[in-house]
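Just below is one structure, and these are the notes that go with it.
The values are calculated or read from the model by the stated rules, or taken from the named source; none is laboratory data. Given the structure is predicted, the values throughout are model-derived calculations rather than measurements. FYI the Cβ positions are ideal-geometry reconstructions off the backbone, even for glycines, and counts take in every protein chain you see.
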């Protein structure tokens, strides 16, 4: 039987993220605007930037990267595909704003796809298919974002650092081009008046070309400082560049909301964790409010006793990505020591997934994951919508409903239960953009046992599907 406080203990390990400071635009001092140089001139050019800046007595001294360095693999494939096909005219910057949504809707309408305004698996496959039909001379993207400091709001305002951005492009392999720049947030100065600045190195080329310079990329990570890699795509352990960066970083940062096939990717991540790679998933942190409320629901002593009676769990999530639903189920099951025994997919309008567990007391437990079509979802694909915990023991005081909006509550309450349910509304977390969560992740040190234990359960579930 699980300890009565199995869930409530989590509140000391998972900080609630129900409120957030808004991200603001930080004014920047330009030490050097992006400048094209050759690969072997990168370090020399950066040294020249700092030498010239500190030699000017009329301006504050600039402190260069001293806290961490990070590689950002930023394919933004969907925006490039939309631009090549003529649907998208704005900068290729990875921002899922109104311009991106309008372009996606235009493409979906043109190709007869379901109108969602988001690049789901079906839309991405169609865009790739259409681009593959084009000749090589049509694959150039005229609106690549060459600023080199798109992460400044989330990162540069925190600490002096070095950001190395890798931007794969389509078209003919013509090698790798390099660009360097340096920017300082003017509101962040030391007591001596020194500016805290970030160096930006941007490398562009085809995937094949970037693979060829993987060793050079690793050498640009500053020795003696923490090294992060933010891989803004699905993990690819077979890719030479990915392998080299994984070997040389202290923390590999992913975001499973990007994954087109999270079930397959989670198994890869579990293998990396088992090989002692420190992996952080930004999407995991979007579950904090749900975890906090689920734990709080069992704070009363009379409800803690009923934890061991829970044998039905239903999780609704926005259709398009099951990552959050799987991770929440893995977290809940790991806390109560549920052992997965069977996994079936029955499909239908809600892409239903059914997972059966055995509790520590031999209790048979049934879980259902349902993908709910939403008319106007946020930019994060797969956010949780609703959760219901119940028991077939009608005397157990464990019925709990969590939901992100009234429609989520309505569906969960319509599920029926002879028990009296505790209902809570979760503050919407779909505004937790990756850049905001990244800035928080960079302040965390050490591995996250809860995440790793939860993912281990998810991997066991998915292995059942494979078998």
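Before moving on, here are some points about what is shown:
- From the list 280, 333, 295, the lone residue that is in a helix (DSSP H, G or I) and either out of contact with any helix residue (DSSP H, G or I) (no Cβ under 6 Å at 6 or more places or on another chain) or surrounded by fewer than 24 Cβ atoms within 10 Å (Cβ to Cβ) (or both) is 295.
Here is a yes/no grid of residues against (1) within 14 Å of residue 382 (Cα to Cα); (2) assigned to a helix (DSSP H, G or I); (3) out of contact with any strand residue (DSSP E or B) (no Cβ under 6 Å at 6 or more places or on another chain):
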| residue | (1), (2), (3) |
| --- | --- |
| 317 | yes, no, no |
| 327 | yes, yes, yes |
| 346 | no, no, no |
| 360 | no, no, yes |
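- Residues (part of a helix (DSSP H, G or I) and either surrounded by 15 or more Cβ atoms within 10 Å (Cβ to Cβ) or on the phi > 0 side of the Ramachandran plot (or both)) located in segment 108-121: 108
- Unmet requirement for residue 456, which otherwise passes all of (1) touching a strand residue (DSSP E or B) at 6+ places or on another chain (Cβ under 9 Å); (2) modelled with pLDDT of 95 or more: (1)
- Positions within segment 300-333 being in contact (Cβ under 8 Å) with a residue 24 or more places away in the chain and over 24 Å from residue 362 (Cα atoms), in sequence order: 316, 317, 318, 319, 320, 321, 322, 323, 324, 325
- Segment 30-61, residues that are at pLDDT 80 or above and not in a helix (DSSP H, G or I): 38
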